[in-house]
Each structure stands twice: as C-alpha cells, then as structure tokens.
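Laboratory data are not the source of any read-out in this text; all were calculated from the coordinates shown. Computed from a predicted structure; not experimentally measured. Here the Cβ positions follow ideal geometry from the backbone for every residue, glycine too, while neighbour counts run over all protein chains shown.
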Amino acid sequence: MRSIVARDVMTPEVLTVDENLTISELAKFLMGHEITGAVVRDENGTDVGVVSVTDVASATSNGGERITRDRSRPDFYVRGWEGSVAEEELSSLHLEEDGLRVRDVMNPEIYSVDADTPVSEVAETMLKGHLHRLLVTEGDELVGVISTSDLLGLLVEGRGRGESG
C-alpha cells in the first residue's frame, strides 16, 4: 500500500501576484479572492517570494512609516490562508503610500516540499519550523499548497473510516 504524500492532501490552486503590483492592488486582489496571502512572481514568471496581509500591515502601519520586518520570521507561513481579509481590516492601513510595491514588502523566503514527500515528513517540517503551510513543488514547478488544515483533514477522514469500517 502506497503511503500518503503531499500531492494527495495539497490544494492545487495557488494564486500568485506580480512583484510589481502596488500594495493597493494587492489588497484588492486578496480581498477579491478571499485569501490572506499569495506567492509572488517576477516578470519572468519565477517565484521570488510570498506576501501576506501581515506583510502589508507591517509595512504600512504606524502612520504610513515603513517598518523594517524581521525576515527571519516566516509570517506568511504562520498565518492561515484559510481565512479571508475584510475591507475594514485594511481600511486603517496606508495602502495609497507612493511607490510601495509587493516586492518591497514580500518575504523572499519560500518554504516548500516535493509533491512526493510523505505527509509524516510534511508534518514534521511544519512542526519544527512552526509553519502553518508549505508550498508543494514538482521539480521547479509550483503545484500546490498544503496547510495544517489539510493535515487535520486526514485525521478526521481517518477517524471516520475507522468508525465506519
């Protein structure tokens, strides 16, 4: 019997944004898709980072004064994609700040696992790194995202099968 791997539990729809989007355009994109983060791509279509509402808030709060983020903390991976962002939450941010682009606020670190990684290794990676999501790749191609909710879904499904079978 084949073990369960990342591809079996991942969400294949990973939304991406261009690194040159303004922060205001990013906010509209996130609200429109009811997500809190996205993968960032450059003009060549290469994944160059990730951006989340937390990144926007960190960069635009405090009266519009830019805040230098500690890039060693993977906020994008800790905050859930499962939630959405409301317009009210973004209204207090200074999204119209001149010149601020996604590339200015994104996290350039990308945490990923191969699609054939056993879920036990995925879970271990997430636990050790205090991550709530990992991107899933096949070679150099981004094919999905796996979250703690995806892993918890396995427990619920497993319990259900055990009780009925």
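Over all other residues within a Cβ to Cβ distance under 13 Å of SER3, the charged ones net out to -1, with Lys and Arg as +1 and Asp and Glu as -1. Other residues with beta-carbon under 11 Å from the beta-carbon of LEU15 carry, at +1 per Lys or Arg and -1 per Asp or Glu, a net charge of -1. For ARG41, the residues whose amide H sits under 5 Å from its own are VAL17, ASP18, GLU19, VAL48, ignoring neighbours fewer than 5 places away on the same chain, with H placed 1.01 Å from N.
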